[in-house]
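The values are calculated or read from the model by the stated rules, or taken from the named source; none is laboratory data. This structure is a prediction, so every number in the text was calculated from the model and none was measured. As a convention, Cβ positions derive from the backbone with ideal geometry for all residues, glycine included, and neighbour counts pool all protein chains shown.
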Amino acid sequence: MIRKLYLLLVPLLFASVCHAQPGQTTTATLEAIPSVDQGYIGMIELGYLYGKVHYASQSTDLSAASPTVQLFNGYRLSRGFILGGTVGFDFYDNILVTPLALGVRGEVLDARVSPIYSIDTGYGSTFMSDESESQEFSGGWLFNPAIGMRVRTGDHNSAFSFSVGYKKQRITSSSRWGSTSTEQKINYKRLSLRMGFMF
């Protein structure tokens, strides 16, 4: 499943890069571009989640790692404030979580290379997870702040991004064995490492 999702997303990322890269741009055109463009901004990010998972039934945290893919669509109000929404796929063990979050992005400098920040908070749904007759998953709230760098590719609205953050996701697992049922609260705490393209 993971390989198929990546194979679907790579052409999408390539198409976005091609669409965002115009032909030759003269120096006069570049100078005419305002320092801050208000309007739509999108971002596709691929990355990796690494860290600890805490089970309520166990006294120690377990190390784990998983891939992550997310798409951000927003509106740039100023260089330092972009408001939008995030949707994607996070893979935790045998659970596929689809995050639906409100996101804030921002750039610190109006330069080719600039520090950036992001904060996403919302709900992680498990409706796409594989479930059995004896086990069900339900999603929970998520929180994901991050900082990183943005490097423009030549066009003022397109850039590559690299970020490091912290992601916390809550999940509930319900198991049934005959007439016995158990419920387990799971808190995923992960370091997020992502590379993306802004357009």
query = Is it fair to say E136 is surrounded by 14 or more Cβ atoms within 10 Å (Cβ to Cβ), in contact with a strand residue (DSSP E or B) (Cβ under 7 Å, 6 or more places away or on another chain) and among the acidic types (D, E)?
reply = yes
message = Go through (1) closer than 14 Å to Y40 by Cα; (2) surrounded by 13 or more Cβ atoms within 10 Å (Cβ to Cβ) for Y75 and report which single condition fails.
response = (2)
key: Residue list for segment 81-117, restricted to those being farther than 20 Å from T153 by Cα, in contact with a Gly (Cβ under 8 Å, 6 or more places away or on another chain) and either of a type outside the set (A, V, I, L, M) or buried (at least 20 other Cβ atoms within 10 Å of the Cβ) (or both)   = F81, G84, G85, T86, D90, V97, T98, P99, A101, G103
query = Restricting segment 147-172 to residues that are hydrophobic (A, V, I, L, M, F, W, C) and touching a Phe, Trp or Tyr at 6+ places or on another chain (Cβ under 7 Å), which is modelled with the lowest pLDDT?
reply = I171
ask   = So which residues in segment 59-82 are assigned to a loop (DSSP other than H, G, I, E, B) and modelled with pLDDT of 90 or more, if there are any at all?
value = G80
